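Structure first, then comments.
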Amino acid sequence: MARDLDNTGLMGELRRMARTSGAVGGIAARMAGSRLGFKTDKGVHAEGLKSALGNLKGPLMKAAQLLSTIPGALPDEYAEELAHLQSNAPPMGWSFVRRRMQAELGAGWEKHFRSFSHEAVAAASLGQVHRARLVDGREVACKLQYPDMQAAVDSDLRQFRAALGIYRQFETAIRQDEVYTELADRLREELDYRREASHLRLYRDMLANTPEVTVPAPVEALSTGRLLTMDWVSGRSMRTVLGENLPQEDRNAMATALFKAWYTPVYRYGVIHGDPHMGNFTVRDDYGLNLLDFGAVRIFSPRFVEGVIDLFTALRENNEELAFHAYSKWGFQGISRETASILNEWARFFYRPLMTDRVCSMQESNDPAEARQVLEKVYDGLKRTGGVKLPREFVLMDRSAIGLGSAFLRLEARLNWHRMFEELIEGFDVNVLAQRQQEALAKAKVPPALSSL
């Protein structure tokens, strides 16, 4: 049996700290200097931070990218750079792949495969993917986790928490204690590929009646905590497809599949895929979608989903009392009526596509330029009223909404988003959702969510 690659992480962590501490510490120093009246070239430093993180394989990049979608959680110049961050790190070589496969499946691991690609077909922040064929002819994708990832998570989260701690001393409108906790738990969950295999089973069940979406099946016998083997599904990247001169009906088909893939699980099961990155799905020949990555999955309480629908209803009916109580179901604690009124400004913009009962593009109902104006107004209002503590449940819901909105904008789809949403929530019953969720999680054998103490 090969030596366990991840029990030798001390040197890796020390190297990682040396590479990231300067960049993360630089954020803190420049934020502090700016508040004290010193001039700093924030744009240049933000670009440098992006470059430093982009050359890492790991969670700090993922956490920074996610946090960049939350208004006011980072200074604008950092948020703008990190929102476009992608890993530029090259994949690990064949010697690593051989050692990892032997560590996970044993010395005779090759006997399970008729062929196994030496080169990675995809490289991401936590692992890389190889295409293979089993002895029975079945084509599969094997996702291997990079070495030292547990140490990387612990090290990166310490760096991240330190930077947020400095920022919190100067900015009080958005308090991120729970945001950090949510990120930490979800990132640690992503290290467990057995959990991700359970998410594959869960999504196959939840989307069984959604023909527009394909979810690959895991190969249980060839999956471990750091190796996930699943069906190979053929498709083209969204970037490739967007480079073509597509007719409107094909753009609409992709947007419909994307909408159903993300929101059917939310409103029928209380489950969300928290990373609608274009690299996490491919486009089928019929313009349906293949979903590929299920590390960032979040199970919501049925009460939270009820709160999301209550807020939609409240805004549609101009019912401020219902909106006020909906925020508590979202997890906002102890907010005043004035703070709720300010949050409604954000929510009206957030929900507008779903309240526009006609065929329209996302640009018409949710223009990015207007979004910035609305968010600046909300941010100023929250500063004036003492700020708000973001609940954990907000994080991946916000990330998904922004990521999907960006994809819909790029697709230039024209749909009646209102009708699609109404179909999803028709006859909603929080008790029915709770029962449906419980049965689906048990069937897929999804382990309990991690929770920081």
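Structure above, values below:
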{"item": "R0 of 22 Å, Cβ-Cβ distance M355-D429: FRET efficiency to nearest 0.05", "result": "0.50"}
{"item": "Rg ratio (alpha-carbon, reference 2.2 N^0.38 Å) - region 362-453", "result": "1.47"}
{"item": "Label-zone membership for region 264-280, site T181, 7 angstrom Cα→C-beta point, backbone N under 14 Å", "result": "none"}
{"item": "FRET E, pair R239, Q373, Förster distance 35 Å, beta-carbon r, rounded to 0.05", "result": "0.75"}
{"item": "Residue-span extension gain [Q333 to E220] - 0.36 nm each, minus C-alpha spacing", "result": "36.5 nm"}
{"item": "Inter-centroid distance (Cα atoms) of region 122-144 relative to region 281-329, Å", "result": "32 Å"}
{"item": "Alpha carbon centroid spacing (whole Å) that separates region 213-246 from region 402-439", "result": "23 Å"}
{"item": "Accessible-area composition of region 307-429, carbon plus sulfur, in percent [1.4 Å probe]", "result": "47 percent"}
{"item": "Sequence-separation-based contact order of region 228-357, relative, with Cα cut under 8 Å and 6+ spacing, percent", "result": "20 percent"}
{"item": "Principal axis dimensions, largest first and in whole angstrom, of region 97-234 by Cα", "result": "60, 40, 21"}
{"item": "Tensor-based shape of region 213-278 (alpha-carbon gyration tensor, a/c under 1.5 rounded, otherwise prolate or oblate)", "result": "oblate"}
{"item": "Within the accessible area of region 179-231 (1.4 Å probe), percent carbon and sulfur", "result": "46 percent"}
{"item": "For region 143-278: accessible area per residue (Å², 1.4 Å)", "result": "34 Å²"}
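The values are calculated or read from the model by the stated rules, or taken from the named source; none is laboratory data. Treat the numbers as computed from the prediction; the structure is a model and nothing was measured. As a convention, Cβ positions derive from the backbone with ideal geometry for all residues, glycine included, and neighbour counts pool all protein chains shown. Keep in mind that these areas ignore ligands, DNA and RNA; they rest on the heavy atoms of the full protein, side chains included. Shrake-Rupley method; radii C 1.70, N 1.55, O 1.52, S 1.80 Å.
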